[in-house]
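Reading through the structure tokens given below for one structure.
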Ligand code: HEM
Ligand code: HEM
């Protein structure tokens, strides 16, 4: 794996591609909108009607899942640039772990949301087209999906993003080593 990566890098992966950067920042913008929607939409209880804000939360969530699929496909076929020279191995390793956890959450969180919408019998409508339900309404054993969806998003995802952003700012302001710059457009 390491050899493969080194080969891939010597094959010309000297930085993130424009597409990787565009996908990264698209997800950031979509997630900001998604959290704002999640926090201002009505709290969802047993008979909550699907208001416009709730419906928008569903739509944005499915778009994030779609972009995450494209993004993982791009990442799998294009690799990532090697860590910068002189980067302590623990930093390269923890960055890799955080990136994969974030990728994982970009799938698990919306999929749990979709399952929970089905469980609640709430239609998920994408631009006028209703998606098929993933499970039956009130299917026994699936009630936890809503709580876990909210907890993973509000706590684990936001905590990891905070760590990820703090690391980027640390590299920029303290180590001055160009890590942040390699995800910025135009570099
Ligand atoms: C990455 C994408 C998503 C993020 C970050 C996200 C985030 C959140 C958050 C933070 C909450 C809790 C709101 C609160 O604080 O009270 C929530 C609730 C909810 N979301 Fe999402 N969501 C995403 C995708 C989706 C999708 C795709 C669906 C369904 C199509 C969905 C359906 C729901 C439902 C049904 C609830 C209420 C759950 C409950 O309280 O039982 N979400 N979402
Ligand atoms: C203002 C917010 C953010 C900043 C400043 C930022 C910065 C960065 C930087 C500098 C890198 C490149 C790290 C390297 O070269 O090793 C990166 C990669 C990455 N970021 Fe962010 N990021 C932000 C938000 C997010 C969010 C919200 C997510 C997802 C939930 C995310 C997920 C990732 C992933 C998965 C990678 C690895 C890229 C890949 O290999 O495809 N980032 N980010």
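The values are calculated or read from the model by the stated rules, or taken from the named source; none is laboratory data. Given the structure is predicted, the values throughout are model-derived calculations rather than measurements. Backbone-built Cβ (ideal geometry, glycine too); neighbour counts: all protein chains shown.
Considering segment 133-144 alone, what residues qualify as being free of Cβ contacts under 8 Å to residues at least 12 places away in the same chain and under 23 Å from the mean Cα position of the chain (by Cα)?
Across segment 133-144, the qualifying residue is only 144.
Out of all the residues in segment 93-127, which are farther than 16 Å from residue 31 by Cα and within 11 Å of the chain's Cα centre (by Cα)?
Correct list: 100 only.
From 179, 109, grab the single residue that is buried (at least 17 other Cβ atoms within 10 Å of the Cβ), more than 11 Å from ligand 1 (Cβ to nearest atom) and either in contact (Cβ under 8 Å) with a residue 60 or more places away in the chain or under 19 Å from residue 36 (Cα atoms) (or both).
None of the others qualify; the one that does is 179.
I'm told residue 147 meets every condition in (1) within 14 Å of ligand 2 (Cβ to nearest atom); (2) under 21 Å from the mean Cα position of the chain (by Cα); (3) free of Cβ contacts under 8 Å to residues at least 12 places away in the same chain except one. Can you identify the failing condition by its number?
It is condition (1) that residue 147 fails.
Does residue 149 satisfy being in contact with a helix residue (DSSP H, G or I) (Cβ under 6 Å, 6 or more places away or on another chain), farther than 17 Å from residue 27 by Cβ, modelled with pLDDT of 95 or more and crowded, with 16+ Cβ neighbours inside 10 Å?
Considered against the rule, which asks whether it is in contact with a helix residue (DSSP H, G or I) (Cβ under 6 Å, 6 or more places away or on another chain), farther than 17 Å from residue 27 by Cβ, modelled with pLDDT of 95 or more and crowded, with 16+ Cβ neighbours inside 10 Å, residue 149 comes out as yes.
Here are some conditions: (1) over 15 Å from the mean Cα position of the chain (by Cα); (2) surrounded by fewer than 16 Cβ atoms within 10 Å (Cβ to Cβ). Residue 55 meets all but one. Which one does it not meet?
So the condition that residue 55 fails would be (2).
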